[in-house]
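Below is one structure, written out as structure tokens; comments come after it.
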Amino acid sequence: MAVLLEAMSMKGRFVSGVRHCVALAASSSSRLFWTFAVAHLSLWTLVPTLVSPNAPLDVVEGYVWGHEWLLGTYKHPPMQAWWLEILTHLTSHAPWTHFFASQLAVIIAFWAVWQTGRRILTEQAALLAVLLLEGVVYYNFTSPEFNPNVLQLPFWALIGLFFHRAVKDDRGSDWVLLGLWSACGLYSKYSTVIILLILGLLLVVHPESRRRLIGKGPYLAVLTTFLLFLPHLVWLANNNFMPIHYMESRMHHLDSNVEYIMRPLRFLISQILVTLPFILLLLALIGKKIFSPEKIERPLSFDESFLYAVTFGPLVLLLLMGLSGARLHDMWGTPILGFLGIWAVKHFQNAISSRALRRFTFGWLSVFIVILASYAGASVFYPYVTHQSQRIYFPGRALAKAVIGTWEQKYHVPLRYIIGDTWPAGNIAYYPPRTAARTNRRGL
């Protein structure tokens with residue numbers, strides 16, 4: 001009996017120790033994640049602010065639209081404009097606002113991917129999965145230009161997270177939140193329908209998710225999405241579906257049979273190129289074992305099917321669109337790679353060792369610094385090397401100061417409306433002098 005009691009006591013201490021180690025690892029991973037998130041947010045807001053003298057077209061355009069709280073524009077749904085308007089007011093029109101907006105979107109995406117990884121992988125593996133995304137150019141080099149593509153990043157990631165939670169846990173709140181993030185994604189850009197179609201197909205095809213169809217959860221998510229998106233649907237109907245016509249003009253068909261093959265091929269190559277740093281980091285993490293991944297000789301679990309669907313489903317669907325004749329733009333790939341890190345870590349988890357982690361840490365820091373320095377260098381030296389200009393070198397502040405100053409000197413009243421072409425009029429609206437910053441100026 002004494003031996004049995006001693007064994008039970010040892011087992012209890014062992015279980016307690018394991019729980020303590022798990023809690024310690026989770027705490028350590030959380031600290032590392034938030035350290036990484038703060039560093040990324042700070043540096044990728046500060047550096048673009050210092051090296052980019054003028055806001056890009058999409059930011060200027062979205063800022064002007066945001067004044068009116070429009071339900072839609074001729075180009076896109078209104079979420080980007082709303083986000084800019086809110087942050088501009090909160091920051092008193094600080095010059096770093098739109099860079100902060102972009103990185104806030106990126107950090108929310110990182111958080112959602114991290115939370116998804118914690119549900120599927122270990123704490124450390126989930127952290128590695130999100131750190132790998134620093135090797136995807138869409139999350140750093142191209143992210144400072146706050147546009148609807150960048151704004152899709154958090155909502156695609158949140159849709160994936162809450163779909164997984166809803167299917168696995170079947171809580172009504174998760175289904176409602178899935179509907180909320182789906183509506184927000186559609187308000188950001190219509191291409192959010194791609195991830196919704198992929199997940200809808202998974203919901204029907206996989207046995208574990210299909211059983212949720214007999215409950216109210218999926219229908220609650222659909223109803224939430226529909227009700228929240230209904231105001232924009234009404235706006236579309238009342239405005240001759242202008243953004244749809246704009247989207248069609250950007251996806252015009254060509255008669256050349258060669259182009260039907262070259263378009264998706266070019267798009268695929270572009271997505272491979274933007275993930276080259278990711279591939280290098282993955283190689284540092286697993287070495288030569290990338291060619292011998294874990295073999296799966298059983299039906300895919302829901303977690304595995306989910307990862308394959310969200311990682312490769314959108315890419316496959318876009319390539320099929322290209323094969324059908326649609327013109328694919330490289331930046332349309334911005335939100336589709338968010339779960340690539342989770343898939344890679346889960347697929348090659350047996351190849352990860354403590355030695356590989358040290359190698360990965362050095363490689364990750366190198367990639368982070370090199371990409372940040374490359375962005376700064378490209379922004380500063382581009383006109384000197386290429387002898388060409390870009391919109392970020394446009395003297396928007398000087399133009400706004402000259403026009404507004406001349407107007408107020410001559411008429412002695414605030415300049416409230418700017419009417420003109422999008423770029424010059426938008427810059428005058430976006431860069432009011434400090435003395436006139438509180439004037440609610442509209443640009444047309």
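Quick notes on this structure:
- Cα-based shape type of region 39-189, given that a ≥ b ≥ c are square roots of the gyration tensor eigenvalues and the cut on a/c is 1.5: oblate
- Among N54, L320, S143 the positive-end extreme of the charge dipole of the chain (Cβ point charges): S143
- The distance separating the Cα centre of region 39-54 from that of region 81-104 comes to 13 Å.
- Over region 164-258, relative contact order from alpha-carbon pairs under 8 Å, at least 6 apart, %: 34
- Averaging the Cα positions of each part gives two centres, and for region 263-285 and region 152-208 these lie 26 Å apart.
- Counting only heavy atoms of the protein chains and using a 1.4 Å probe, Y219 has close to 130 Å² of accessible surface.
- Only one of (i) 22, 53, 21, 4, 0, 0; (ii) 27, 62, 12; (iii) 22, 47, 25, 5, 0 was calculated from the structure for P(r) over Cα pairs in 20 Å bins from 0, in percent, and its label is (i).
- Relative contact order [Cα under 8 Å, 6+ residues apart], the chain, whole percent: 21
- Nearby aspartates and glutamates by direct alpha-carbon distance to K401 (threshold 20 angstrom, same-chain neighbours under 8 apart not counted): E61, D421
- Separation of region 339-394 from region 405-426 is 42 Å, based on Cα centroids.
- Given a 1.4 Å probe and the protein chains as shown, K75 ends up with an accessible area of around 30 Å².
- Checking the Cα-Cα distances for K168/K346; K75/K216; K189/K216 against a 30 Å cut-off, the pairs over it are K75/K216.
- Tensor-based shape of region 37-126 (alpha-carbon gyration tensor, a/c under 1.5 rounded, otherwise prolate or oblate): oblate
- In the chain, helical runs assigned H by DSSP with n ≥ 4 each contribute -39500 (n - 2.57); averaged across all residues and rounded to the nearest 500, the mean residue ellipticity at 222 nm is -23500 deg cm²/dmol.
- Angle in degrees between helix 2-51 and the longest Cα principal axis of the chain, rounded to the nearest 10: 20
- As a rough guide to protection, the peptides 36-42, 280-286 ranked by mean Cβ packing within 10 Å, highest first, stand as 280-286, 36-42.
- Mean separation of Cα contacts under 8 Å (6+ apart) over length of region 31-171, as relative contact order %: 28
- By average C-beta atoms within 10 angstrom, highest first, the peptides 351-358, 309-316: 309-316, 351-358
- Here the extension length gained between L43 and L357 equals 110.6 nm, from 0.36 nm per residue of separation less the Cα-Cα distance.
- Neighbours of A221, meaning other residues whose beta-carbon lies under 13 angstrom from its beta-carbon, give a summed charge of +2 when Lys and Arg score +1 and Asp and Glu score -1.
- Helix 396-411 axis versus longest C-alpha principal axis of the chain: approximately 40°, rounded to the nearest ten.
The values are calculated or read from the model by the stated rules, or taken from the named source; none is laboratory data. Quick caveat, the model's predicted, so the values are computed rather than measured. When we count neighbours, we look across all protein chains shown, and the Cβ atoms used for this are built from the backbone with ideal geometry, even at glycine. Side chains are part of the model used for accessible areas, which takes the heavy atoms of the whole protein and leaves out ligands, DNA and RNA. Shrake-Rupley method; radii C 1.70, N 1.55, O 1.52, S 1.80 Å.
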